[in-house]
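Below is one structure, written out as structure tokens; comments come after it.
The values are calculated or read from the model by the stated rules, or taken from the named source; none is laboratory data. Because the structure is predicted, anything quoted here is derived from the model rather than measured. Cβ sites come from the backbone with ideal geometry, for glycine too, and all protein chains shown count toward neighbours.
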Amino acid sequence: MPPKKSQHYVPRHYLAFFNDDDRTGYLPIYHLESGREFEERIAKLCTRNYFYEEGRKLEDAFTRIENAYLPVLRKIRKTESLDGLSQMDLRHLGGFILFQRARTRGMRIALEEIVQILGERIASGELERDIPDESVELLRTSPEKFSRRLHMRKLFEAFSWYPLLKGLEPLLVVNESPSEFIASDHPIVLDNPYFRNEPAYAIGRWESCGLQVFCPLGPDLLLLLYDPECYQLREEGNRITVSDSAVVERINNLQLIHCLDLVCYRTPGRREEFQRRQNTLSEYTGYPVYYIDEFDGDDLFSNDEKPLEMPCNHISEYSPRLPFFNHRIGVDLRPGRHLDTPFILDSTWSILDRLRD
């Protein structure tokens, strides 16, 4: 079969959630750099030529993965409920969140920046360690190919990260306000308002205490995973309704802050609104979604005296105020949400180690 040239990093079926499930239709988008609003075919959104490979094997595999996740997403959208989900449904839901977070172009660019830093340090002799000759050569001659290979490894590793979501409770937020939830080219957003002032490596990881994970599922629905040891839901159950537009727009700000190029939505005519909000939120934007955080070895979870570096997800200084949560008092920051949930102290070197095979 011929190569599949156009390869999506946000699947069409997900984008179609914001257009009544019409994958062949159009969506209004706001482009941050140009400040323009225009409509684009869903088939042309969040895609790049040969983003994964110059072939179709991976793209076809990812399509099969998307098809495995799609039924539970559609079930939630149809019923507007999390009740009745099986353990397999929950695994697929968690798998979608982990895989989608890892696959975007924003993640690829962040990894390219990390690879550039590694290459400079290796070239300067700053990193003293036996490094496979093939990795050094690939870094030197083709950092783009190195980054793509690293990105693919990260994607495949995402399938094994489901245990790191242990302890997070799912909450379905049903929007009954005049405003609509929006999505972006990097729709899965992590936040941690409880431990905002702690080092980033401790609060921006899937196993971190206090984590919140936002996943819009359409103009009227949003899935929120949260750590119940840090946040107490003011109402019982796993479903709440929001009728205040201000709450919806505060949540939407996360998409504007964490996206790479664009946000998408159902109803056009929001250019001036997004321009104002983009200016208001400018101090929070422009950061990579994934980066290396440096900390002292004797800090928090390590007794090593040498400085360590750890990859972590970006947690913005902005957090939406959510009226349906109370912060519990006196929760201590630990290596993981539960004693049996590992806090993975992988260093910068693990990036190179992952490429050995």
- Query: Pairs, please: C-beta under 7 Å, at least 6 apart or cross-chain, first residue more than 13 Å from residue 226 (Cβ to Cβ) and in the range 189-206, second modelled with pLDDT under 85 and of a type in the set (Asp, Glu)?
  - Reply: 199/293; 199/299; 200/293; 201/293
- Message: Taking the criterion of being at pLDDT 95 or above and small (Gly, Ala, Ser), would at least one residue in the range 196-210 satisfy it?
- Response: yes
- Which ones in the range 165-185 are farther than 22 Å from residue 79 by Cα and touching a Lys or Arg at 6+ places or on another chain (Cβ under 8 Å)? 166, 167, 185
- Query: Does residue 309 satisfy the criteria of being over 20 Å from the mean Cα position of the chain (by Cα) and at pLDDT 80 or above?
  - Reply: no
- Identify the residue in the range 181-217 that is surrounded by 23 or more Cβ atoms within 10 Å (Cβ to Cβ) and among the polar types (S, T, N, Q) and, among all such residues, is nearest to residue 18 (Cα to Cα). 184
- Would you say residue 289 is closer than 20 Å to residue 45 by Cβ, buried (at least 21 other Cβ atoms within 10 Å of the Cβ) and at pLDDT below 95? yes
- Message: Quick check on this structure: which one of 77, 105 is farther than 24 Å from residue 314 by Cα and among the basic types (Lys, Arg)?
- Response: 77
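Go through the residues of the range 71-90 one by one and say whether even a single one is without any contact (Cβ under 8 Å) to a residue 60 or more places away in the chain, loosely packed, with under 14 Cβ neighbours inside 10 Å, of a type in the set (Gly, Ala, Ser) and not in a loop (DSSP other than H, G, I, E, B).
No.
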- Query: Going through the range 148-170 one residue at a time, which ones are of a type outside the set (D, E, K, R) and outside any loop (DSSP other than H, G, I, E, B)?
  - Reply: 150, 151, 152, 155, 156, 158, 162, 163, 164, 165, 170
- Message: Give me the residue from the range 1-30 that is β-branched (Val, Ile, Thr) and surrounded by 15 or more Cβ atoms within 10 Å (Cβ to Cβ) and, out of that set, farthest from the chain's Cα centre (by Cα).
- Response: 29
- Item | Count of the range 308-336 residues which are surrounded by 12 or more Cβ atoms within 10 Å (Cβ to Cβ) and either part of a loop (DSSP other than H, G, I, E, B) or without any contact (Cβ under 8 Å) to a residue 12 or more places away in the chain (or both) | 15
- Could you tell me which residue of the range 232-290 is nearest to residue 9 (Cα to Cα), considering only residues that are among the hydroxyl-bearing types (Ser, Thr, Tyr) and without any contact (Cβ under 8 Å) to a residue 12 or more places away in the chain? 282
- Query: Given the structure, is residue 33 under 24 Å from residue 172 (Cα atoms), in contact (Cβ under 8 Å) with a residue 60 or more places away in the chain and surrounded by fewer than 17 Cβ atoms within 10 Å (Cβ to Cβ)?
  - Reply: no
- Has the range 265-286 got any residue that is modelled with pLDDT of 90 or more, under 30 Å from residue 85 (Cα atoms) and either part of a loop (DSSP other than H, G, I, E, B) or touching a Phe, Trp or Tyr at 6+ places or on another chain (Cβ under 6 Å) (or both)? yes
- Message: I'm trying to understand the selection: among the residues of the range 171-215, which are outside any loop (DSSP other than H, G, I, E, B) and more than 19 Å from residue 336 (Cβ to Cβ)?
- Response: 171, 172, 173, 174, 175, 183, 184, 189, 214, 215
- Query: How do the strands (runs of 3 or more DSSP E) wholly within the range 1-69 filter down when requiring 3 or more residues that are within 19 Å of residue 259 (Cβ to Cβ): which remain?
  - Reply: 26-31, 36-41
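Condition test on residue 144, is it surrounded by fewer than 17 Cβ atoms within 10 Å (Cβ to Cβ) and more than 25 Å from residue 30 (Cα to Cα)?
yes
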- Query: Does any residue of the range 114-126 turn out to be surrounded by fewer than 20 Cβ atoms within 10 Å (Cβ to Cβ), basic (Lys, Arg) and in contact with a helix residue (DSSP H, G or I) (Cβ under 7 Å, 6 or more places away or on another chain)?
  - Reply: no
